[in-house]
Amino acid sequence: MTKITLLIIVAVVVFLAIAIVNYAYQKRISFHPDELKKKIDAIFHEQNAIEISRTTFLVSLKNKYGCSYKKALYLLGKAREAGFVHAEGKNVRRIEG
């Protein structure tokens, strides 16, 4: 093998390794329900409201967790399942309790 071929193979392997590690890191969102509750309470406290728009909530949640918009939607679903929020139409309401 020539040096150029070997260099290309090494570059491709390194690129694939970086892509796989990045995918695995992005795939796992670790959250604890208590932590999610605290972050949701902080979002509503910052907005000084019981009900905010869904977009505002998702962007705030995205910023709190440092994740993508799609993962913020996933967290919204988990918050709904846990009974922390109620999503109705284009608004999200915090459930007291």
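Within this structure, Glu51 passes the test of being among the acidic types (Asp, Glu), in contact with a Lys or Arg (Cβ under 6 Å, 6 or more places away or on another chain) and at pLDDT 90 or above. Restricting to the stretch 42-71, count the residues that are in contact (Cβ under 8 Å) with a residue 40 or more places away in the chain and within 16 Å of Glu81 (Cβ to Cβ). Matching residues across the stretch 42-71 total 1.
Only a single criterion out of (1) over 15 Å from the mean Cα position of the chain (by Cα); (2) surrounded by 11 or more Cβ atoms within 10 Å (Cβ to Cβ); (3) part of a loop (DSSP other than H, G, I, E, B) is not satisfied by Ile9, namely (3). Residues in the stretch 39-92 that are within 24 Å of Tyr25 (Cβ to Cβ) and either hydroxyl-bearing (Ser, Thr, Tyr) or more than 17 Å from the chain's Cα centre (by Cα) (or both): Ser60, Tyr65, Ser68, Tyr69, Tyr74. Checking each residue in the stretch 72-92 for being under 13 Å from Lys37 (Cα atoms) and touching a residue at least 40 places away in the same chain (Cβ under 8 Å) picks out Leu75, Lys78, Ala79, Ala82, Phe84, Val85. For Lys62, the conditions (1) in contact with a Phe, Trp or Tyr (Cβ under 7 Å, 6 or more places away or on another chain); (2) within 14 Å of Arg93 (Cα to Cα) all hold with the exception of (2).
Within the stretch 12-41, the set of residues being in a loop (DSSP other than H, G, I, E, B) and either free of Cβ contacts under 8 Å to residues at least 40 places away in the same chain or within 16 Å of His86 (Cβ to Cβ) (or both) comprises Arg28, Ser30, His32.
The values are calculated or read from the model by the stated rules, or taken from the named source; none is laboratory data. Keep in mind that this is a model prediction, so the values were computed, not measured. Virtual Cβ from ideal backbone geometry, glycine too; neighbours counted across all protein chains shown.
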